[in-house]
Amino acid sequence: MSTQVNIRLDEDLLKEVDALAKVLHVTRTEWLRMKISRDIKEEALDLREVIAVEYSKGRINDDELKDLLGADADDVRFIIANIRKGREMIDEMIKKGDL
């Protein structure tokens, strides 16, 4: 499913987009869609650590994590779960006076 998004672009920028699309033999929409998709994926990869922290703090949910990180989301979930278990074990040891 796709959702239409409308944006305003400066005329000079739009002329550049049209020229690039023409050279690549794709429509303006196809070029913009490809460019936006690629840039979002690159940005997500650059921000992996921030995304993991935001997930651990509950600021993004499982679906958003999966959308942003793909297969790496499972690794983040595993790491976060084990950190939480470790924290609980340490807290319990402190309560018992073992630490």
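The values are calculated or read from the model by the stated rules, or taken from the named source; none is laboratory data. Source: prediction; values computed, not measured. Note that we place each Cβ from the backbone using ideal geometry, even for glycine, and neighbour counts take in every protein chain shown.
At a glance:
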read-out	value
Residues (surrounded by 10 or more Cβ atoms within 10 Å (Cβ to Cβ) and part of a loop (DSSP other than H, G, I, E, B)) located in region 1-18	9
Residues satisfying the stated conditions in region 19-33, i.e. loosely packed, with under 12 Cβ neighbours inside 10 Å and within 19 Å of residue 6 (Cα to Cα)	29
Lone unmet requirement of (1) surrounded by 12 or more Cβ atoms within 10 Å (Cβ to Cβ); (2) within 19 Å of the chain's Cα centre (by Cα); (3) not acidic (Asp, Glu) for residue 78	(1)
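Condition check ((1) among the basic types (Lys, Arg); (2) touching a Gly at 6+ places or on another chain (Cβ under 8 Å); (3) not assigned by TED's automatic domain parsing to the domain that holds residue 70) across all residues:
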| residue | (1), (2), (3) |
| --- | --- |
| 13 | no, no, yes |
| 19 | no, no, yes |
| 33 | yes, no, yes |
| 39 | no, no, yes |
| 58 | no, no, no |
